[in-house]
1. Give, as a single signed number, the net charge of other residues whose beta carbon lies under 13 Å from the beta carbon of F122, with Lys and Arg counted +1 and Asp and Glu -1.
2. Sort W283, W158 by Cβ crowding within 10 Å, fewest neighbours at the top.
3. Just from its helices, what would the mean residue ellipticity at 222 nm be for the chain, if runs of 4 or more DSSP H residues each count -39500 (n - 2.57) and the sum is divided by every residue, rounded to the nearest 500 deg cm²/dmol?
4. Report the full-extension gain for the segment D301 to Q216: residue separation times 0.36 nm, less the Cα-Cα distance, to one decimal in nm.
5. Quick one: dipole size for region 175-280, taken about the Cα centre, charges +1 on Lys/Arg Cβ and -1 on Asp/Glu Cβ, in debye to the nearest 20.
6. Once amide H atoms are placed 1.01 Å from N in the peptide plane, what residues at a sequence separation of 5 or more from R175, or on another chain, have their amide H within under 5 Å of its amide H?
7. Need one number: nm distance between label points at T282 and L87, each 7 Å from Cα along Cα→Cβ, rounded to one decimal.
8. Taking the Cα centre of region 157-227 as origin and charging only Cβ (+1 Lys, Arg; -1 Asp, Glu), how large is the dipole, in debye to the nearest 20?
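Taken together, the values in this text are just the output of simple stated rules run on the coordinates, not laboratory data. Remember, predicted model here, so these are calculated numbers, not experimental data. Here the Cβ positions follow ideal geometry from the backbone for every residue, glycine too, while neighbour counts run over all protein chains shown.
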Amino acid sequence: MSASKQQAHVPQTTGHVWDGDLQEYNNPLPNWWLMAFYASVVFAVIYWFMYPAWPIAGTFTTGFKTITYVNNKGVEKTVHWNTRALLLQETNEAVKAQKPYFDKLSSMSFEQIAKDPEMNSFVLSAGKELFSDNCAPCHQQGGAGKVGFAPNLTDDDWLYGGHFSEINHTITYGRHGYMPPFAGVLTDQQMTELADYILSFEKYPVNPASAEAGNQLFHSETAACYYCHGADAKGRKVIGSANLTDSIWLWANVPAAKTIADKEAAIKTVITGGLNRGVMPTWQGRLSTDQIKLLTVYVHDLGGGQ
């Protein structure tokens, strides 16, 4: 072998040999890895002392880190660190930060709030959280609603009115919509005629004779639909009856039905069984007056309220 060639690297071993030729290599861990390991051990020991850690005979070590918060009765409490107390502390801080805005909001009218850029920004941020926690389970995130379950709050169709006072009344006291069932009162043919009359408002290719018969039935004392929906079928906000002449469907999912027969069936299902599920609970007592006022402006802005 020439002198210019390097000698082959000979790995270090621990000196342990098995079966005559099986050796144990000596490959120490990198220093950076060892330092990180020792640091994690030190961190773990410190953490054991600071936070709840070890279970002991039905309880646990609580650590010496504490949290102070004000409970829902206005009493200040200091407890050992835990995630529930941390949430309450953060909630206290959020309420404290929002208090100046709520104080200002309570002294302003709905119209003044809507015209104030600073308050509008507050309504948008705080209202979104309130809506998400209290309204979204029914009206969905963003207020788009769900056909057959809860109204869409992002359009311009307001069952009970879209003025600030009307929305505030709805949130405060809730609503209970009702439509009587017509099973046994109307024949299947009559219900089809009514369905065709309603579909004719949207220019669906229904049987003209059937739609005209439905028109007569709608305004007759037999079905008496005009009592609630009005002679023009545009609904009555005082009782929350739907406008049947627009393209907005709350209870009958007509847009999802593909054929005219399917659309008729969707409407007939509502006519047959009526409605006793348009219930919105009252939020009085659950939310403060200022929170309801904030939600009123937020919901009003969602759908371009009246």
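1. Numbers: positive: K99, K104, K128, K293; negative: D103, D116, E118, E129, D290, D301.
In short, -2.
2. W283, W158
3. -14000 deg cm²/dmol
4. 26.7 nm
5. 480 debye
6. M280
7. Here the answer is 2.8 nm between the modelled labels.
8. For region 157-227, the charge dipole is close to 220 debye.
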